[in-house]
Amino acid sequence: MSQLLPQTSAHELPASAGTGALAAESSAATASATTTTASALLTGSSADAYAELLHEVVDTLAERFRTVDAPSIGPDRHALERLVEDVDLDGSGIGDRAALAEADALYARNAVWFHHPSYLAHLNCPVVLPAVAAEAMLAAVNTSVDTFDQSLVATHMEQRLVRWAAGLVGFESGDGVFTSGGTQSNLQALFLARERALRADPRERTDALPRLRVLTTAASHFSVARSAHLLGLAADAVIAVDSDADGRMDPADLRERLAALEAAGEHPMAVAVTAGTTDRGIIDPLPAIAEACEEAGVWLHVDAAYGGGLLVSERRRHLLTGIERADSVTIDFHKTFFQPVSSSAILVRDPTDLRAAAWHADYLNPAAEAASAEAEPNQVDKSLQTTRRFDALKLWTTLRSLGPTRLGEMVDAVCDLALEVRALLLADRDFTVLGTSDLSTVLFRFQPEGVDDRTADGHVALIRRILFQSGRAMVARTTIDGTPWLKLTLLNPEATVTDVAAVLDLVRATGRGLLAGSRLAAEGSER
């Protein structure tokens, strides 16, 4: 691992400090700050100032990317809180350059850097260059893609991209819409499933709603259960289907539970399966589950927020066989398509299902106009959001720049790395590894021979916290069947097994330090 940045505490850095051109000019900019509305807006008259300002921001950030030598500087949260609270948000403006220099010192300096090879914690990916550039473009133009008269070509571009993604899934005539992330996509999918189930139920809506059920596994994303709550389902509406030892849904148990619901007069609204669980990166057996859902006439939703990138992998696309039989699919492009947050989509096999989300307002998308032969393609008619960013531009630009094959190779790279890291851990007597993964997650713990389970359990959270506070490396932790594990989420295609091995050495050194401390404490208590 390369030399780390000096670990300066956050409170030691003045909030107005910065780097590069912004810091150099911040004092002068403060003195000459203007407060007129015209000069503050991005317009034709301020275009030159906009270009100059953004160049300075980019230069400053580029220098940080060149010099960042750890995932974070590791200050404690109380120091960060003090830095934030010390900023006067009610005072007079300090000018563009000073404000951005302050933002650099406060935010960028104390950020978590997902591109660093020692960041191995959550489902945060480094982002591709064309998408970052497109982000700047869409932010400046500030298009909202809720109605056609606010977006024009942007609406057509998003719709084309949605059809492209639906085609990858196998939805020949599918449709969908971009969302803020997998949580919103899952919510909309279950909302559409709820509406279809209620339309098919002869009982009154108030009588039918409490009988609706969602079947999923304990490994599904928490947004499935929360969506059921938000949709007004009963407290016991979410039914946990059994899983095998690796955490995959058991199709036989699913069939039994569907039959039991039917016999009890309850209505299975949807089966929510996962193509890439958050903890293990496991894909549920899609073909067998799809068959059970088709026989029972139940909506099948596939949460592929994590595993959606396999759709462009030539080597691993087969792992998603059966996804084309789903009614709805969630994909987070800001995970395994390496896009900046936010970039996600909900895709449906039958476009008419999206009509359940339509709501018409006279000022925005009048119902009479929507029913006319010349109806404009207002995407608010199929989205839960009204104002919505043109996030599709990032993925569009990425596909045109790199092509889907290149993205698929990047997905394969992180999955291959996970296999290498798993093999490394299995060969190391200091570590224990849990199960397997279809994607790029590795669960492990520090437990050398002679260390009992209780001691190893207690060290998981401590090791994670010590590394986090140091800033030198970031790993996650989770609990499976009551046992805590450290978790590596590998989403950096440029990281190497050597990079990860360096983090594992930090885990080992931290674990050994904890064991030594425990022994010293025990010896001291015996004296």
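Structure summary
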| read-out | value |
| --- | --- |
| Pair list, Cβ under 8 Å, 6 or more apart: the range 49-67 residue under 14 Å from residue 105 (Cα atoms) and modelled with pLDDT under 95, other residue open to solvent by 80 Å² or more (accessible area, probe 1.4 Å) and not in a helix (DSSP H, G or I) | none |
| Any hit, the range 248-258, residues being of a type in the set (Gly, Ala, Ser) and in contact with a helix residue (DSSP H, G or I) (Cβ under 8 Å, 6 or more places away or on another chain) | no |
| The range 235-253, residues that are in contact (Cβ under 8 Å) with a residue 40 or more places away in the chain and of a type in the set (A, V, I, L, M, F, W, C) | 245, 249 |
| Sole residue being part of a strand (DSSP E or B) and not small (Gly, Ala, Ser), chosen from 213, 163 | 213 |
| Residue 502 being more than 20 Å from residue 309 (Cβ to Cβ), under 21 Å from the mean Cα position of the chain (by Cα) and in contact (Cβ under 8 Å) with a residue 60 or more places away in the chain | no |
| Test: residue in the range 363-371 that is closer than 27 Å to residue 215 by Cβ and not polar (S, T, N, Q) | no |
| Single residue of the range 478-500 satisfying the filter (open to solvent by 40 Å² or more (accessible area, probe 1.4 Å) and of a type in the set (Val, Ile, Thr)) that is nearest to residue 337 (Cα to Cα) | 496 |
| Matching entry among 373, 356, 368 (being more than 15 Å from residue 155 (Cα to Cα), over 25 Å from the mean Cα position of the chain (by Cα) and in a loop (DSSP other than H, G, I, E, B)) | 373 |
| Looking only at the range 193-244, and only at residues there that are of a type in the set (Gly, Ala, Ser) and open to solvent by 50 Å² or more (accessible area, probe 1.4 Å), the one that is nearest to residue 285 (Cα to Cα) | 243 |
| Residue within the range 461-477 that is of a type in the set (Phe, Trp, Tyr), within 29 Å of the chain's Cα centre (by Cα) and surrounded by fewer than 22 Cβ atoms within 10 Å (Cβ to Cβ) present | yes |
| Residues satisfying the stated conditions in the range 260-288, i.e. crowded, with 24+ Cβ neighbours inside 10 Å and either of a type in the set (Gly, Ala, Ser) or over 27 Å from residue 180 (Cβ atoms) (or both) | 268, 270, 272, 275, 276, 281 |
| Scan of the range 435-460 for residues that are buried (at least 19 other Cβ atoms within 10 Å of the Cβ) and either within 23 Å of the chain's Cα centre (by Cα) or among the charged types (D, E, K, R) (or both), ordered by number | 437, 438, 439, 440, 441, 442, 443, 444, 445 |
| Residue list for the range 344-370, filter: farther than 16 Å from residue 199 by Cα, touching a residue at least 60 places away in the same chain (Cβ under 8 Å) and open to solvent by less than 80 Å² (accessible area, probe 1.4 Å) | 344, 345, 346, 347, 348, 351, 364, 365 |
| Residues (open to solvent by 10 Å² or more (accessible area, probe 1.4 Å) and not in a helix (DSSP H, G or I)) located in the range 142-160 | 142, 143, 144, 152 |
| Matching residues in the range 92-124 - criterion: being under 30 Å from residue 489 (Cβ atoms), open to solvent by less than 50 Å² (accessible area, probe 1.4 Å) and either part of a helix (DSSP H, G or I) or of a type in the set (Asp, Glu) (or both) | 103, 104, 105, 106, 108 |
| Number of positions in the range 243-280 that are assigned to a loop (DSSP other than H, G, I, E, B) and within 24 Å of the chain's Cα centre (by Cα) | 8 |
| Qualifying residue in the range 494-502 (condition: more than 21 Å from residue 418 (Cα to Cα), out of contact with any Lys or Arg (no Cβ under 8 Å at 6 or more places or on another chain) and among the charged types (D, E, K, R)) | no |
| So residue 76, is it closer than 30 Å to residue 496 by Cα, touching a residue at least 12 places away in the same chain (Cβ under 8 Å) and surrounded by fewer than 17 Cβ atoms within 10 Å (Cβ to Cβ) | yes |
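Residues checked against (1) among the basic types (Lys, Arg); (2) touching a residue at least 12 places away in the same chain (Cβ under 8 Å):
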residue: 154; (1), (2): no, yes
residue: 168; (1), (2): no, yes
residue: 173; (1), (2): no, yes
residue: 189; (1), (2): no, yes
residue: 196; (1), (2): yes, yes
residue: 203; (1), (2): yes, no
residue: 207; (1), (2): no, no
residue: 217; (1), (2): no, yes
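The values are calculated or read from the model by the stated rules, or taken from the named source; none is laboratory data. Source: prediction; values computed, not measured. Here Cβ is always computed from backbone atoms with ideal geometry, including for glycine, and neighbour counts include all displayed protein chains. Only protein heavy atoms, including side chains, enter the accessible area calculation; ligands, DNA and RNA are left aside. Shrake-Rupley method; radii C 1.70, N 1.55, O 1.52, S 1.80 Å.
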